[in-house]
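See below for the structure under consideration.
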Amino acid sequence: MHYGYSIGIEELWKWLPLLIPFLILHLILLVVALRDLLRRDLSTEYKLIWTAIIVFVSLFGPILYFILGRKER
């Protein structure tokens, strides 16, 4: 038995035009946040923690960095 919803390739092609802007936004935020973090003069531990948050918390990681991480310690 299979429970859940199975997405076929046809369904994916229908949703792709709606998903592309979100994917592009995610990549731009990810690159800009990582570049800003690496250019700042901070401790290695602080950079490692924020790098993990930016990369692994999906779209909200870079947003959290810009809201909370850029504040001077």
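The values are calculated or read from the model by the stated rules, or taken from the named source; none is laboratory data. Only a predicted model underlies this, so the values are computations on that prediction, with no experimental measurement involved. A quick note on method: Cβ atoms are made from the backbone with ideal geometry, for glycine too, and the neighbour counts reach across all protein chains shown. The area values use the complete protein model at the heavy-atom level, side chains included, leaving out ligands, DNA and RNA. Shrake-Rupley method; radii C 1.70, N 1.55, O 1.52, S 1.80 Å.
A few comments on the model shown:
- Summed over the range 33-73, the residues that are farther than 19 Å from Leu23 by Cα, in a loop (DSSP other than H, G, I, E, B) and hydroxyl-bearing (Ser, Thr, Tyr) give a count of 1.
- Between Val55, Val32, the distinction of being among the β-branched types (Val, Ile, Thr), touching a residue at least 24 places away in the same chain (Cβ under 8 Å) and touching a Gly at 6+ places or on another chain (Cβ under 9 Å) belongs to Val55 only.
- Selection within the range 29-43 - at pLDDT 90 or above and open to solvent by less than 100 Å² (accessible area, probe 1.4 Å): Leu29, Leu30, Val31, Val32, Ala33, Leu34, Asp36, Leu37
- For the range 6-20, the criterion of a residue being assigned to a loop (DSSP other than H, G, I, E, B) and open to solvent by 100 Å² or more (accessible area, probe 1.4 Å) is satisfied by at least one position.
- Here Ile63, Ile53 are screened, and the one residue that is at pLDDT below 90, open to solvent by less than 80 Å² (accessible area, probe 1.4 Å), of a type outside the set (Lys, Arg) and within 10 Å of the chain's Cα centre (by Cα) is Ile63.
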